[in-house]
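The values are calculated or read from the model by the stated rules, or taken from the named source; none is laboratory data. Since the structure is predicted, the reported quantities are computational estimates derived from the model, not experimental observations. Neighbour counts are summed over all protein chains in view; Cβ atoms, including those assigned to glycine, are modelled from backbone coordinates with ideal geometry. Protein only, heavy atoms only, side chains kept; ligands, DNA and RNA dropped before computing areas. Shrake-Rupley method; radii C 1.70, N 1.55, O 1.52, S 1.80 Å.
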Amino acid sequence: MFRIRELHSTTLPGQRDRVGQVQRLLRENFPENASYADRVPDMLDRPFSFGYRSVVLTAETSLGRVSGFVLVLHFPSINFSFIDYIAVSSRHHGSGIGSALYEAAREYCSGAGSRGIFFEVDPDDEPPAGKPGAMAAIRKRMRFYELLGVRPVINTVYDEPVGQPPTRAYLMFDGLGRTERLARDDAREAVRRIMTDRYRITEPGYVERVVE
C-alpha cells in the first residue's frame, strides 16, 4: 500500500528528506539528466525565479519511503501545466504506482484550475535511440494515455531529433476531461513557455520555428 502526498517546499526537515529521496529516484531513472536533480529544491522554494510553480507528488510507503514521484510545473500566466518527470523505483515497476501518480497529477492540476497538461513521451513509431527493446512498454504507455483521452500534438516539428545522440519526443496534451479542441494559439504559447522557461532554450530562431 502507498499514499500520495504533495511537496511544495523544503522548509521542514521531513520535506527535505522526501525531496532527497525524489532526487535519488530522478538520478536512478534518468542518469543522462542526473544533474537536473540538483535544481529540484530551488524549483520548489523559489518558483518566481523559474517562471512557473512546481509541485512534487510522491507515492510513499507507510514508513515514509518514496517509491515514485511526479514533478509538475504550472505556468500561471497561461494556466497550463507540464509534467516534467514521472518515475518509479526499480523495486516497484509494474505495481501501478506510475498510473496512480499520473491520475494524482490530473487531479491536482484540475484542482489548481489548469486548462490542461502537456508532457513528453517517447514516440511509438520507431524505437528510441539505444532502447531497441522498449517499444512494447512505449505502446502500452500510449494506450493508457489514449484511454484517458490524451493525444499527441501532431503535424509539428516538436518531435524532430535534437541533441547528441539525437532523441525525439512527442508532445502530449491532456485536456483534463474537457471536450473542446486545443486552440492553436494556446498550443503555441504553451510550447514557447516550455522551451524558454523549462528547457531554457535561448536560440530565438529555433524557438520561433517550433512555435510556428
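Tally the residues that are assigned to a helix (DSSP H, G or I) and either modelled with pLDDT of 95 or more or within 20 Å of Phe50 (Cβ to Cβ) (or both), restricting the search to segment 187-205.
Residues of segment 187-205 assigned to a helix (DSSP H, G or I): 187-198, 204-205.
Applying the additional criterion that residues be either modelled with pLDDT of 95 or more or within 20 Å of Phe50 (Cβ to Cβ) (or both) yields 187-198, 204.
Number satisfying all stated conditions: 13.
So, in segment 156-176, exactly how many residues are open to solvent by 50 Å² or more (accessible area, probe 1.4 Å) and either touching a Gly at 6+ places or on another chain (Cβ under 6 Å) or at pLDDT 90 or above (or both)?
2
Would you check if there is a residue in segment 74-90 being open to solvent by less than 30 Å² (accessible area, probe 1.4 Å) and in contact with a His (Cβ under 7 Å, 6 or more places away or on another chain)? Let's see the steps before the verdict.
Of segment 74-90, the ones open to solvent by less than 30 Å² (accessible area, probe 1.4 Å) are 74-75, 78, 80-85, 87-89.
Checking the rest, the ones that are also in contact with a His (Cβ under 7 Å, 6 or more places away or on another chain) come to 81.
Scanning segment 74-90 turns up at least one residue that is open to solvent by less than 30 Å² (accessible area, probe 1.4 Å) and in contact with a His (Cβ under 7 Å, 6 or more places away or on another chain).
Select from segment 10-36 the residues that are surrounded by 15 or more Cβ atoms within 10 Å (Cβ to Cβ) and more than 19 Å from the chain's Cα centre (by Cα) and list them in ascending order.
The answer is Thr10, Gln15.
Restricting attention to segment 139-155, report how many residues are part of a loop (DSSP other than H, G, I, E, B) and either of a type in the set (Val, Ile, Thr) or buried (at least 16 other Cβ atoms within 10 Å of the Cβ) (or both). Walk me through how you get there before you give the answer.
Just the residues of segment 139-155 that are part of a loop (DSSP other than H, G, I, E, B), to begin with: 148-150, 153-155.
Imposing the further condition that a residue be either of a type in the set (Val, Ile, Thr) or buried (at least 16 other Cβ atoms within 10 Å of the Cβ) (or both) reduces the set to 150, 153-154.
Within segment 139-155, residues that are part of a loop (DSSP other than H, G, I, E, B) and either of a type in the set (Val, Ile, Thr) or buried (at least 16 other Cβ atoms within 10 Å of the Cβ) (or both) number 3.
Which of the residues belonging to segment 41-100 are in a strand (DSSP E or B), over 17 Å from Tyr199 (Cβ atoms) and either among the small types (Gly, Ala, Ser) or touching a residue at least 40 places away in the same chain (Cβ under 8 Å) (or both)?
Within segment 41-100, Val55, Val56, Leu57, Thr58, Ala59, Glu60, Val66, Ser67, Gly68, Phe69, Ala87, Val88 meet the criteria.
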